Structure formats: C-alpha cells, structure tokens
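Beneath this line is the structure, given in structure tokens, with notes to follow.
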Amino acid sequence: MDIIFVRLLFVLVVGGTCFVIEPFNLTRPWDAGVGLLIGAAIVLFEWKLRTVSLKRLIGAAIGSILGICGAYLFALVIRSSVPPGHTQSFLQILVMLLMAYVGLIVGANKGDLLNLAALGGIFGGEKQGKKSYKILDTSVIIDGRIADIAETGFLDGVIVTPQFVLRELQLVADSADSLKRNRGRRGLDILQRLQKVANLQIQIVEDDFPAVREVDLKLIELAKLYEGKIITNDFNLNKVAQLQGVEVLNINELANSLKPIVLPGETMRVFILKEGKEYNQGVAYLDDGTMVVVDNARKMIGKTIDVSVTSVLQTTAGKMIFGKWDERAAYSRQAVPVPAAPTAVPVVPTTSAAVPGPTAVDTKTGAS
C-alpha cells in the first residue's frame, strides 16, 4: 500500500512541476496533463523493471552504454558527411536512439549468460535461479503430444524454439506434398498452443551454427551452448545426443513408462483384431496402443475374449504383451448346465355325473 502511495505522489509531483514551469509552452492545464502522462509512464517502466533479474539489468545497462558509444561514433561520421541542418540533427538523434535500443534489448537477452556469483561481493549474495532450458525438436513439435504435456504443468523452465527449427517447419508446411504440408501446419498450430499456456515461457532464439548443416547436430550444439535438454521422439537423435553428453527427454519413452504394468498370470479382456504372424495367433491392441499377441486365438478374430498373460517384452519401439487363450476353459464356462424348470402335473377334473347319487324312493308306493 505504501509503494502505491509513493507512486501516486510521484505522478502528482511531476504533473505539478509541469504546471508551474510550463516546459512544453502550452497552457498550464495541458502542461500538467502531459506531466501526469510522463509520470505514469515512468511508474509503469519502474513496475516492469521490478520483475527483471539483476543479470538482465546489468546486461541491459552494458548493452545500452555500448550502443550509445557506437552512436557517438556514427554521429561523428554523420556530422562530417551531412551538411548542418535539421536532417543532420534528426539522423544523429535517430542513430542514438536506435543504437541505445538495440544495445538494451540484446544486452538484456544475453544477460542471462552472466555468472554473477564469480564476481563475489554484493553480486555473490544474489539468489542464483538457474533456468532450465528445454529445446524442441521438429519431430516433437509435429507430433503434438508436447502441447498436452505442457498444459498439464509437468514442463518447467524455458521452452526454447530455435529459428532454424521454425524454418524447417515452414519448409514442411509449404511442401507440394499434401501429407507433409498438413504435418507442417500441424506443427505451427502446436507452437501456437504452447504460446497460450499461461505457466510456460516460450523463447525463440536466433542462435545458428553455419558450419553445421544438419538440424539434429545444430540442436546438439545449441543444447551445449545453453546447457539445456533436447525434447524429441527421434530415436537416432536420442542416441547421438547421449553419445555427446547432452540430456534428452524422449516423448516416446515417457509414453511407454506411463503404460499400465501387466504381470504374467494376470487376465485381461481384449478384442482380437487380426491374425498374427505365427500359426494360430491373434493380435489385439490396448487403448494406449500396446500390442497383445494371443496364442490359440486365430479363430476368434472379431470377438472379445479373456486371455491370460504369459510374458511381457519391453523393446525400443514400445511394450509387447504375450498371452494365451484357453479354449477349454472358455467352453467349459459356456457349457455350465442350466437347471430345468419343474414340470407341471396335470389335474383331472371330477364331473358330477361320475359320482352316483342316492336313489329316489316313492313314499306312497314304496317303489324305488
């Protein structure tokens, strides 16, 4: 609350000073209004600087000073080559602003590479929050699962997208082949999704290595420069990067590790989709894409059956489950006898004619 009061007081002081001095040769209310705008802009600039690290501030200061020194040298050239006048003054001011701006931006971006702890003193006490850089490969961008992982919040640090990867995506998106063109456009859409993730910082870097022609090798060199990790699902890039001491986050390995664990002897219910390579085999797939090879299930294609897991094989391409369908057990469960309903016993009705009645006797004659 106190800092807000100080900021408001500063804006009012700047506005009041402009009202009294009239530095813009306007009426006093207009001068005061311009002063208030200038004070508000300064407060906004100060508020933005509060979130900048000390390394970026030092880099920006050094870059702007170097830019101003370069602008002074350019101003000497302009003064000797352009006649005095408004054009000369405009060019000198333009060059100074341009060089100062470029130096400020470049110095701030490169300030993260400074190691202030090595200087000691007041710089050594700063908390060193080392950023974790994760560099995206073209294949993992086109794959698309990286966006789903990022939206869950499992990715942290800075997601680095090299400029040469963007150029490769653009070439794929502009390809004459419709399949490649769709893949490239999908990759560009995935990058847009990543930029919309609130808790994720996306950084596009211009670093390039002209001496290296292959994109995979450029990614490895960039990972060494930033001391980051490469996110990919390319098996060959994974192996080459590991040989050169670069850490790799493989999306396929993550997907395989998240698949449910199945132990031999367990029973699962699967849908037999097609015939297997070996005799009398059937092939099924789980929801996550895991292949299940079932013995004795060739004639059950197109049906859902219960299989018993016999073994699990982990390969570089993924996990395979081998099972067996027990035909006798399945049919024995189907052949359980059903108790018959009780038979109804017919009841013969008794008629009145079948029962002899008493004989009528005439009381007068005594004849029956």
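We did not get these values from a lab; they are worked out from the coordinates using the rules stated. Please read these numbers as outputs of a predicted model, since none were measured by experiment. Glycine gets a Cβ as well: all are built from the backbone with ideal geometry, and neighbour counts include every protein chain shown.
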Fewest first, what order do 310, 304 take by the number of other Cβ atoms within 10 Å?
304, 310
By Cβ neighbour count within 10 Å, fewest first, 183, 328 rank 328, 183
Project the alpha carbons of region 133-257 onto their principal axes and report the range along each, largest first, in whole Å.
37, 36, 29
Cross-chain or 8 or more residues apart, Cα under 17 Å: how many lysine pairs in region 267-334 fit that? Count them up, please.
7
Excluding same-chain residues fewer than 8 positions from residue 55, which aspartates and glutamates have a Cα within less than 19 Å of its Cα?
46, 112, 126, 227
Run the numbers on region 133-257 and let me know its relative contact order in percent, using alpha-carbon pairs under 8 Å that are six or more apart.
32
Have a look at region 1-93 and give its Rg and Dmax from the Cα atoms, expressed in angstrom.
18.7, 55
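Would you list 18, 69 from fewest to most Cβ contacts within 10 Å?
Details: 18 23, 69 11.
If I rank by nearby Cβ atoms, fewest first, I get 69, 18.
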